[in-house]
Amino acid sequence: MFKAATNTRPLISIPAGSNIFAFGSPSQTRNPLISRINWHVEEGQAWAVVSGTGGGGKGLIFKASTLLGHTRLAPATPDIQGQWANAGGLYPFLSATSGDPYSRISYVSFRQRTGGESGAFFDYTARYGAMREEEDKITLRETLSASAGTDKHPLFDLLTEKIRLKSLLDLPMITLSNGQTRRARVVKAILDQPEILLLDEPLTGLDPPSRKALTETLHHLHIQCAPRIIIGLRKGEEIPSWITHLLDIDGRSARTRAASDAVSHPSAAPNITTKPVSKADALTGKSASLLVDMKGVNITYGDRKVLKDINWQIRQGERWHLQGPNGSGKTTLLALLTGDHPQSYTQSHLLLPTISPSNTTSQSGIPTIGPRKRTPTAHLRQLIGVVSPEMFDAFPRRHPGMSVWEALTTGFDGGFVPRTRGASTEARKIGGVGWVDVADDELGLGFDPPEEEKKTRM
């Protein structure tokens, strides 16, 4: 069922002292993207590329991307460069066979590519609407079959069973949760049967059972070299037990180490001072003002029930943690609370914060609540702050794009209109956060050059 391979040549080879440059940058520049890197991946090793503080470093290896040929790799001397090229260059193993090595490498990122890559804002709430276009009705089975050639492929049943997708095969892709979509993208990439598969943060956002199932499956596939897998992780993220080696990227620096070193010498946890929660804060009781009131809330798509008879009240001072497995309806429930879901208008008892022309707040200073069907969405967005992966993906990325500061000052209120173009640095202060040094850096295209990372970090 799996292809086994015998190989004595390195899978990846970057000779010691090499620098990585953006295309068009001269080798004499003092600021390579990554300096003096030394990285060799041998058959049988399992590597993870770990980003430094800020998360942008691994993008230079994955997204930017050195491994996909989107940057220029310069060995230390002309002699070393000649020897390196004669030995097969970046991919000695793949170069030993016919064809373009890059055609046998797949990269899976988990950003929603339907977002702002068009240069305009994307309506991230569209997934909750009625499926009007034929492309919205494409099922998971159809999507995966396009890669495998057929749903009768021997790997098809194995992967959909192991990665817990079998019961979802006949659902439209657009209805899958974030975690389900992540797993589906991994399966699709495996069915394409690359020699090397690059997975950037594949475990982020998965519930524990799905995380365990995916980790075990990736391990099994990597052992069989079908395909060989390299994963990207953020600093501090849990390292799968089967990973043997790490490539740490921090700023312009790169170093390799055994994964066992990370277990033996974990990063020091940040020193965070917490304020004890008083009983009054923890137990607000029924005397506190209602901010949200749901009774008998239901969400259905045809015969499929996503939410059934949900009752939920949120009172002033309460802090809630919404938990549940992938696909349980967490995002859908929050979309009701924020008014983004079109079925929020049809609920018989869904009371949300509102702004009245005559009385914007109650006497206590707390917003009044009213029926969702009578509350403009614009009012909700002024009263309910939202930060989510979907919103992040809605912002345009095509150059020239918005600056980081312009993105921040939209207030994420759904209007997405830059309101402070050209504002002075002195004006850049955000309540509760303070001064934010973001200069006029463009909103990231997937990675930040090392010299820009510190500017854009709050």
Quick one: is D250 surrounded by 21 or more Cβ atoms within 10 Å (Cβ to Cβ) and not aliphatic (A, V, I, L, M)? no
Inspect all residues belonging to the stretch 393-415 and state whether any of them is touching an Asp or Glu at 6+ places or on another chain (Cβ under 7 Å), modelled with pLDDT of 80 or more and not in a loop (DSSP other than H, G, I, E, B). no
Which condition from (1) more than 16 Å from V386 (Cβ to Cβ); (2) touching a residue at least 12 places away in the same chain (Cβ under 8 Å) is the one that G302 breaks? (2)
I'd like the residue in the stretch 212-235 that is out of contact with any helix residue (DSSP H, G or I) (no Cβ under 9 Å at 6 or more places or on another chain) and not aliphatic (A, V, I, L, M) and, out of all such residues, is farthest from G52 (Cα to Cα). Q224
Looking at (1) closer than 19 Å to I384 by Cβ; (2) touching a strand residue (DSSP E or B) at 6+ places or on another chain (Cβ under 6 Å); (3) modelled with pLDDT of 95 or more, which one does N311 not meet, given that it meets all the others? (1)
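Hey, could you check the stretch 57-72 for residues that are of a type in the set (A, V, I, L, M, F, W, C) and modelled with pLDDT of 80 or more and say which is farthest from V108 (Cα to Cα)?
L60
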Residue ranges of helices (runs of 4 or more DSSP H) in the stretch 101-192 with at least 2 members β-branched (V, I, T) and at pLDDT 70 or above: 178-191
Can you report the number of residues in the stretch 224-267 which are outside any strand (DSSP E or B), more than 24 Å from P101 (Cβ to Cβ) and among the polar types (S, T, N, Q)? 4
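Suppose we filter L221, L214 for residues that are more than 13 Å from W47 (Cβ to Cβ), aliphatic (A, V, I, L, M), assigned to a helix (DSSP H, G or I) and within 22 Å of the chain's Cα centre (by Cα); which single one remains?
Answer to the check: L214.
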Please work out which residue is surrounded by the fewest Cβ atoms within 10 Å (Cβ to Cβ), limiting yourself to the stretch 310-334 and to residues that are touching a helix residue (DSSP H, G or I) at 6+ places or on another chain (Cβ under 9 Å) and in a strand (DSSP E or B). W312
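The values are calculated or read from the model by the stated rules, or taken from the named source; none is laboratory data. Since we're looking at a predicted model, the values are computed, not measured. Heads up, the Cβs are rebuilt from the backbone with ideal geometry, glycines too, and the neighbour counts pull from every protein chain shown.
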